[in-house]
Amino acid sequence: MPEQLIQGRQLADNRWTTLTIADDAGDTNLAHVAVPAGAVIIPAPLWLAQRAALIAREGEIGVSLASTFEVETLAADIAHFSLIAVEFPKFVDGRGYSTARLLRERYGYTGELRAVGDIGRDQLFYLSRVGFTSFLIPDGRDAAAALQSFNDFPEVYQSGVDQALPLFRRRAA
Amino acid sequence: MYRYDEYDHAIVQARVAQFRDQTRRHLEGSLSDDEFRPLRLQNGLYIQRHAPMLRIAVPYGLLASRQLRKLADITRRFDRGVGHFSTRQNLQLNWIKLEEAPDVLAELASVEMHAIQTSGNCIRNITTDQFAGVAPDEIADPRPWAEVLRQWSTFHPEFAWLPRKFKIGISGTTEDRAAIRMHDIGLQIVKNDAGEIGFTVYVGGGLGRTPLIARKVRAFLPWQHVLSYCEAILRVYNRYGRRDNPYKARIKILVKTLGTEEFTRQVDAEWAHLKEGTSTLTEAEVQRIACQFAPHPYETLPADDAGYQTQLRDEKAFSRWVERNVHPHRVSGYAAVTLSLKKPGVAPGDASDAQLDAAADLADRYSFGEARVTHQQNLVLADVRQRDLHALWLEARTLGFATPNIGLLTDMICCPGGDFCSLANAKSIPIAAAINERFADLDYLHDIGELELNISGCMNSCGHHHLAAIGILGVDKSGQEWYQITLGGQQGNNARIGEVIGRSFAAKDVPDVIERLIDTYIANRYDEERFLDTYARIGLQPFRDAAYPATTTGNAAKERTYA
Ligand code: SF4
C-alpha cells in the first residue's frame, strides 16, 4: 500500500509537493535553498529564513512543523499558509495534538491542517478532534480501512476543535 | 454512586468495539506488536510473565455489589479465580487471554465498568480517600469531583500520548488520606473565607527512581476552573515534558527542572487563554453528578449502641478488631469497616472470586450495597450500623476478611513483584509472606502498634515503599535478588520519602533485619510513641547499628556503596 492522503474523510489526491531539507542544514544554507513553484510544503525554519521573499512569492505555500517546533513563532504568519503540516515522528509523540489545538483555537488558523508521519487508523479519531483535516497515511498502512475510524465514538466528553461544547453543556440542554 | 446515562454507556461500548477490532487486527497480523502495544496499554492490558495482565479501573475506588459480583464472575470464568487489588484502587487479573480480553471488557461494560486508561502514557484512574462521603473531618465529598475529572480525562484527544503516565489524586479531608502529594496533580478540596469550594493544587509528585513530593502551584482554584486549570497543566507538560528518556519523562522532572515558580508562570500563562472557555464547570453539571453521591437513607441512631458496648467489653478478639478495623463515621450510630485482605498465606491485596462474591453480599446486607477499595489494598464497607458490627465481624472472620491488622505491620502494601511482573528485579510476595509469618502473633503485632511496611519489586515503586515507615525494595545485584530497606517514609500531610538504611540484604535475612529494627524501636520508644515518632527522635543511626550488627559501627555501613 503506497502513501495515501485522506481529506474530507475520504481518500484524496495529494496536490502538494514537499520540500525536505537535511536536519543538519544551518541558517546560512536555508537562505539559499530554492523553493520550487506551485503548491509546496516547506519546513518552518526555511519559511523563517526566507520570509520576506516567500510572502512576495506567487502560488500557495504550506509549512511543515517538526514535533519540537514552537508554533508561537509563526503566530503572525498564519494567514500566509494554505496548509500547515504537523509531523509525528512516532505516533506516541503527542506534542502535535497541542500544536493543532493552538493553531485552531488560539491563532485562528482555518486552512488545511495535515498530520504527517507515523500515523494510522488508530490515531485518526483524536487527530480529527484536535483540528486536523487531512492525514497522510504512510506507505504500508491501509488508508481505506482507516476511514472507518472517524466514527469510532458516537459521543465525546470534552470540547475540541470538532465540538465547541463539552458533553456536560449539551447534556444539560 | 454515579450511574451511567445513555452517553456514558454509548462511549464505553464504543471502546469495547474499538478494542475488539484492534485485537482482531493484531491477531491477524496487520497491527504489529509495536503498533498494538500502546493501544492495549490504554485498555489496561500488559503482557506479563505468564499471560496478559488486565488492570480494571475502579473509579475512585467505589464498587457496587453488582459490580463486585461481575468481577467475581470474570475472575472465575476468564482468570484463575484470584484478583489483585492495587495501590491505585484498581483490580488486576493475571491470567487473561488476549483473545478473550475484548469479551472481558464487554462484560465490564455491562455493569458500567471498563479498563480505559489504566495504563499507558495518559491520564490514569482518579483516586481518592476510601472514606469519602463518610469521614468526620471531610470538607466536601471528593467523589463528584473525581467523576467530573473521570469524564473529562476519558479519551481526552489532546492528552492521550503524553511523555509518561499521569495520575491525579484528590482529597476532601483536612488530613490527606489519598497521598495526593505523590501524584502528578494533587487536588486538595478547601473552602475560602466566603465558604466557597475550591482546590489547592499540587503538581509534580511521584515515586519511582526519583521520588519527589508535589509542589503547591495554586492555593485556591475556584471549582469552576478545575478542568481548564488541569488542561493548562497538561498542555505545558505535553509540550515540554521530556520524551527522550522515560526515567525523566514524568511531570515531576519538568517541574523540578523549571522550578516551581517558572512552571507555575507557564501554566498560568496558558490558563489565561483557557480560563473562561467552555470547560468552565456549571453549577448544573456539578449538581447532576453530586446528587448521585447523596448520603444514603441513614437511620436515626444513638451514638453509642448499648449491645455493642457490651460486646466490646466482653470479647477481646472483637474489641481488638474494632480497635484496628473500624473507623469513625460522620453519622451517629454508624461506622466504616475495613475488610482486611492481608493474612498469612495470601499475597497482600489478593481476593478470590468467592471472596469478591462474599464481599458483595456483605455490602448488600450491611452497607447499602457499596464497597470501596483502599490504596492500602483492602476493602471497606463504609456505612455499617454500629449495632451490626458484631454480626459483620463474625461473618468476616469466616470469610477471611477479619485480620485485625489495619495500620499495623502486617497490613503491608506489596506489589505483584517477580512472581508476576516482568519488570521486577526481585520477588515481593514471598518477602511479605516471610514477614507475615514472623509477626503472626497478634499481641506482639498490636504492641508494635501503627507501622506501615511497603514492598516494591523494583524502582517503579508500585508498592509505594518510599512512603512507608519501613520500605523494602527489590534490587538486582549481579543477577541475584536483594532487598534495600528504607526507614522513616510517610504519607499524608507530612509526606516524606524514606531514607536508605545501608547496603541491601539477601531475601532470607529480611525477616531477621525487620525484627531487629522493631526491637530497636521497642527498646527506645517512650510511652505511646509510634515507630515513626521514635525514628524522628533518635534518627537512623541506632537502626543502622541494629541492622548490621556484625559489621557496625554505622559509619562503616554508611560508606559502603548502596546496592
Ligand atoms: S514495583 Fe516493579 S515489580 Fe512491582 S509491580 Fe511495579 S513494576 Fe512490577
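The values are calculated or read from the model by the stated rules, or taken from the named source; none is laboratory data. Computed from a prediction, not measured in an experiment: that's the story for all the values here. Note that we place each Cβ from the backbone using ideal geometry, even for glycine, and neighbour counts take in every protein chain shown. Areas reflect the complete protein model, heavy atoms only, side chains present, ligands, DNA and RNA absent. Shrake-Rupley method; radii C 1.70, N 1.55, O 1.52, S 1.80 Å.
Just a few scattered comments:
- Counting residues in region B:324-347 that are part of a helix (DSSP H, G or I), more than 16 Å from the ligand (Cβ to nearest atom) and at pLDDT 95 or above gives one or more.
- Scanning region B:257-305 for residues that are closer than 17 Å to A:Arg106 by Cα and of a type in the set (A, V, I, L, M, F, W, C), we see that the one that is nearest to the other protein chains (Cβ to nearest Cβ) is B:Leu274.
- Failed item in (1) within 16 Å of the ligand (Cβ to nearest atom); (2) out of contact with any Lys or Arg (no Cβ under 7 Å at 6 or more places or on another chain), with B:Ser422 passing the rest: (2)
- Selection status of A:Ala53, touching a residue at least 12 places away in the same chain (Cβ under 8 Å) and more than 12 Å from chain B (Cβ to nearest Cβ): no
- Within region B:466-478, the set of residues being of a type in the set (Ser, Thr, Tyr) and within 7 Å of the ligand (Cβ to nearest atom) is empty.
- Residue match in region B:391-406 (condition: under 29 Å from B:Leu301 (Cβ atoms), open to solvent by less than 10 Å² (accessible area, probe 1.4 Å), among the aliphatic types (A, V, I, L, M) and more than 16 Å from the ligand (Cβ to nearest atom)): yes
- Those strands (runs of 3 or more DSSP E) of region B:452-535 in which 3 or more residues are open to solvent by 10 Å² or more (accessible area, probe 1.4 Å) occupy B:470-477, B:480-487.
- Residues considered: B:Phe85, B:Phe166, B:Phe159. Of these, the only one that is crowded, with 23+ Cβ neighbours inside 10 Å and farther than 30 Å from B:Asp21 by Cβ is B:Phe85.
- Residue in region B:9-28 that is open to solvent by 10 Å² or more (accessible area, probe 1.4 Å) and in contact with a Gly (Cβ under 9 Å, 6 or more places away or on another chain) present: no
- Selection count where residues are touching a Lys or Arg at 6+ places or on another chain (Cβ under 9 Å) and near the ligand (Cβ under 9 Å from one of its atoms), scope region B:443-465: 5
- Residues within region B:218-228 that are among the hydrophobic types (A, V, I, L, M, F, W, C) and open to solvent by 20 Å² or more (accessible area, probe 1.4 Å), tallied: 3
- Tabulated pairs, region B:408-435, first at positive phi, second assigned to a loop (DSSP other than H, G, I, E, B) and within 13 Å of the ligand (Cβ to nearest atom), C-beta under 7 angstrom, 6+ apart or interchain: B:Gly417/B:Ala424; B:Gly417/B:Ala426; B:Gly417/B:Lys427; B:Gly417/B:Ser428; B:Gly417/B:Gly457
- For region B:188-196, the criterion of being under 18 Å from the mean Cα position of the chain (by Cα) and open to solvent by less than 20 Å² (accessible area, probe 1.4 Å) is met by at least one residue.
- Unmet requirement for B:Ala434, which otherwise passes all of (1) more than 20 Å from B:Phe531 (Cα to Cα); (2) more than 13 Å from the ligand (Cβ to nearest atom); (3) in contact with a Leu (Cβ under 7 Å, 6 or more places away or on another chain): (3)
- Set side by side, the residues B:Ala178, B:Ala132 differ, and just one is more than 14 Å from chain A (Cβ to nearest Cβ) and at pLDDT 95 or above, which is B:Ala132.
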